[in-house]
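Enquirer: Have a look at this one.
The values are calculated or read from the model by the stated rules, or taken from the named source; none is laboratory data. Note that the coordinates shown come from a computational prediction; the quantities given were computed from them, not determined experimentally. Heads up, the Cβs are rebuilt from the backbone with ideal geometry, glycines too, and the neighbour counts pull from every protein chain shown.
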Amino acid sequence: MPYLLLKFLHVASMFLATALAVGPSVLLYLIARSGDVDAIRRTFAHATSLFRVGGAFYGLGLLFGLVAALNGQIDLAASWLLAAYVLVGVLIAFNLGFERWARRVEEAIEGAAAAGPDLTTVVRSKAPIYALAGMVTMTLLIVLVMVVKPTVF
């Protein structure tokens, strides 16, 4: 496969992954903050599927990036790529943190009649806003590193 096609597939996959991770996460957060139990139940029922699709695109993006780098004779140990690897790892951690919070919201909705966590407490947690801020920050830093290719060390 030509290098430019692989590079395009890498960038396109990462953009789709970001769109499927950050955009819907913001909406889920806002819907949860509304306190509308029916709206929360309906939207959060689709969260796991959406996160899986986003995760699949992240995986494809990483795969296309690796193949593109090998095909384009890019040093996989270049300092800018090492920085990108770390940033992607941190981004994944923030994504997982948000997903954990989304599962807690679902558990609170299901456990409303049982002894599950209180929905208001889960929704008012600071965890999702920190995760969202981290996701946006890491995404912007990754774009910076991939475009500028700074020499870190």
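Enquirer: Just to verify a result, which residue in segment 123-153, among those that are loosely packed, with under 15 Cβ neighbours inside 10 Å and of a type in the set (D, E, K, R), is modelled with the lowest pLDDT?
Expert: 124
Enquirer: If you don't mind, another one. Which residues, counting only those in segment 36-49, are farther than 16 Å from residue 132 by Cα and either in contact with a helix residue (DSSP H, G or I) (Cβ under 7 Å, 6 or more places away or on another chain) or among the basic types (Lys, Arg) (or both)?
Expert: 37, 39, 40, 41, 42, 43, 44
Enquirer: Is at least one residue of segment 43-59 farther than 27 Å from residue 11 by Cα, assigned to a helix (DSSP H, G or I) and either in contact (Cβ under 8 Å) with a residue 60 or more places away in the chain or touching an Asp or Glu at 6+ places or on another chain (Cβ under 8 Å) (or both)?
Expert: Yes - at least one qualifying residue is present in segment 43-59.
Enquirer: Okay, moving on. I'd like to check something: does segment 119-135 contain any residue that is without any contact (Cβ under 8 Å) to a residue 40 or more places away in the chain, out of contact with any Ser or Thr (no Cβ under 6 Å at 6 or more places or on another chain), of a type outside the set (Lys, Arg) and over 30 Å from residue 38 (Cα atoms)?
Expert: Looking through segment 119-135, none of the residues is without any contact (Cβ under 8 Å) to a residue 40 or more places away in the chain, out of contact with any Ser or Thr (no Cβ under 6 Å at 6 or more places or on another chain), of a type outside the set (Lys, Arg) and over 30 Å from residue 38 (Cα atoms).
Enquirer: Among the candidates 81, 140, single out the residue that is of a type outside the set (Val, Ile, Thr) and either over 30 Å from residue 9 (Cα atoms) or free of Cβ contacts under 8 Å to residues at least 12 places away in the same chain (or both).
Expert: On inspection, the qualifying residue turns out to be 140.
To keep it simple, each residue is scored yes or no on (1) among the acidic types (Asp, Glu); (2) assigned to a helix (DSSP H, G or I); (3) within 20 Å of the chain's Cα centre (by Cα).
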| position | (1), (2), (3) |
| --- | --- |
| 81 | no, yes, yes |
| 86 | no, yes, yes |
| 93 | no, yes, yes |
| 98 | no, yes, yes |
| 102 | no, yes, yes |
| 108 | no, yes, no |
| 117 | no, no, no |
| 125 | no, no, yes |
| 131 | no, yes, yes |
